[in-house]
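Only one structure is covered here, and it is reproduced in the block below.
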Amino acid sequence: MNASQRPQIATWLLQTVLSGRHREDIIGDILEDSQERSRLWFWRQSLTAIFVNLGRDLREHKVLALRSVLIGTAVLWVLHRMLIPSLESLAPSADTASRWLRENGLQGVDVWRARLRLGDSVLTVRWCLGFVATGWFIAKLHRPYVTAMLTAYICAIFAWELFIGFSAPFPSTLSMMVHVFVVAPLCVLAGGVVAGAGTMISSGRSAKSVAMLGASTPRHMSA
Amino acid sequence: MRRREYLGSFELVVLLAVMRLDRDAYGVPISREIETATGREVAIGSVYATLARLEAKGLVASHVGEPTAERGGRAKRYFTVTGKGQREVRQTQQALRFLWEGVPQLQGGAA
């Protein structure tokens, strides 16, 4: 398997998620050995390296993990205090706009508004923005162990929701489960990726060079 | 008196692979050596997790070698077993040999 045949997503994950002293050594060894191996082998090696690394970081940095959970909770609380009033003010504006359109003969607007369930959409947007921002904060404050700290925070979200019996204010159980177990983790990770992408851009690396990996210079050579 | 830490089975395997490879012991050949010996695919990430643990215990030392194009410009990290590591392997070998010889079911090569 040559450089162009390598699975791009696995390569990107390896480059983005892996941390620790032997990061560059592991990536270099997987790249070197992959030349005589299959794509499946590359995926297996990449995922194993990521999970082994993740487990080690969490075991070795328990205090940091606790700190990331506390910071995440504080950031989310502050953001929701700020976001709730500003986002909920959008709903009355939508009501006014809808009334104006109805008065001007555009009856279909109400049907579409009902279909889109504006209230739920505002709630989802608020939910997503809160978690993206929280992920971004945690990633910025825990630079060498981003993946482990984001994972600790995501586990805390799951534990909290399971412990208090799903507090999220969504209309149905399915919607609540999707928001807690799928949307929230993805948003937290997206926030982490955005924080990481900012770092790469500021250190002069283009997104393409990160994706190609094979032709790039190591980001930080370990001692 | 300081309590002695025993080697785990995978730690012992990795140490032996590093000793066998001598000057050429970096991630890829170490993994290949273990694969050849055990007949199982080895995760490079697990090999490095073990090497990091052995390094923290002072049983192996490492140095950075030359970067190569096939590694995307990354340098190889070579490992060597320290004197303390060699003593640890020898003590483990003696302990295992003693235990091995005391098991009648394993004598004569029949399982």
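So here's what we get for this one:
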{"quantity": "Helix axis angle, B:9-21 relative to chain B longest principal axis, alpha carbon, degrees", "calculated": "60"}
{"quantity": "Charge dipole (debye, nearest 20) of chain B; +1 at Cβ of Lys and Arg, -1 at Cβ of Asp and Glu", "calculated": "420"}
{"quantity": "Point-to-point label distance, B:ALA56-A:ALA74, nm (Cα→Cβ direction, 7 Å offset)", "calculated": "2.8"}
{"quantity": "On Cα atoms only, tilt of B:83-101 relative to the major axis of chain B in degrees", "calculated": "30"}
{"quantity": "Shielding by other protein chains, A:27-37, mean Cβ within 10 Å", "calculated": "6"}
{"quantity": "Nearest-20 debye value, region A:1-50 charge dipole, Cβ charges on Lys, Arg, Asp, Glu", "calculated": "220"}
{"quantity": "Per-residue average of Cβ from other chains inside 10 Å of B:63-73", "calculated": "6"}
{"quantity": "FRET efficiency for B:GLN94 and A:MET1, using Cβ-Cβ distance with R0 set to 35 Å, rounded to 0.05", "calculated": "0.20"}
{"quantity": "Residues B:ASP22, A:ASP33, sorted so that the one with the fewest Cβ neighbours within 10 Å comes first", "calculated": "B:ASP22, A:ASP33"}
{"quantity": "Residues in region B:64-103 reached by a label modelled at B:ARG23 [backbone nitrogen below 20 Å; 7 Å Cα→Cβ]", "calculated": "B:64-68, B:75-83"}
{"quantity": "Spin-label model distance (nm) - A:GLN8 vs B:GLU70, 7 Å beyond Cα toward Cβ", "calculated": "2.6"}
{"quantity": "Ranking of A:LEU54, A:LEU47 by count of other Cβ atoms within 10 Å, fewest first", "calculated": "A:LEU47, A:LEU54"}
{"quantity": "Among B:35-43, B:75-83, A:23-31, the order from most to least packed when residues are scored by Cβ within 10 Å on average", "calculated": "A:23-31, B:75-83, B:35-43"}
{"quantity": "Inter-chain shielding of B:22-30 (mean C-beta neighbours from other protein chains, 10 Å cut-off)", "calculated": "2"}
{"quantity": "For chain B: rounded, prolate or oblate by the Cα gyration tensor [a/c cutoff 1.5]", "calculated": "oblate"}
{"quantity": "Around A:LEU64: net Lys/Arg minus Asp/Glu count, Cβ-Cβ under 14 Å", "calculated": "+4"}
{"quantity": "Fewest-first sequence of A:THR73, A:THR48 by Cβ atoms within 10 Å of each Cβ", "calculated": "A:THR73, A:THR48"}
{"quantity": "Most positive-pole-ward Cα, B:PRO67, B:VAL103, B:GLN86, against dipole of chain B from beta carbon charges", "calculated": "B:GLN86"}
{"quantity": "Label-point separation in nm, B:THR82 to A:LYS62, each point 7 Å along Cα→Cβ", "calculated": "2.6"}
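Throughout, read-outs are computed from the coordinates displayed, never taken from laboratory work. This is a predicted model, so every value here is computed, not measured. All Cβ positions, even for glycine, are placed from backbone atoms using ideal geometry, and neighbour counts span all protein chains on display.
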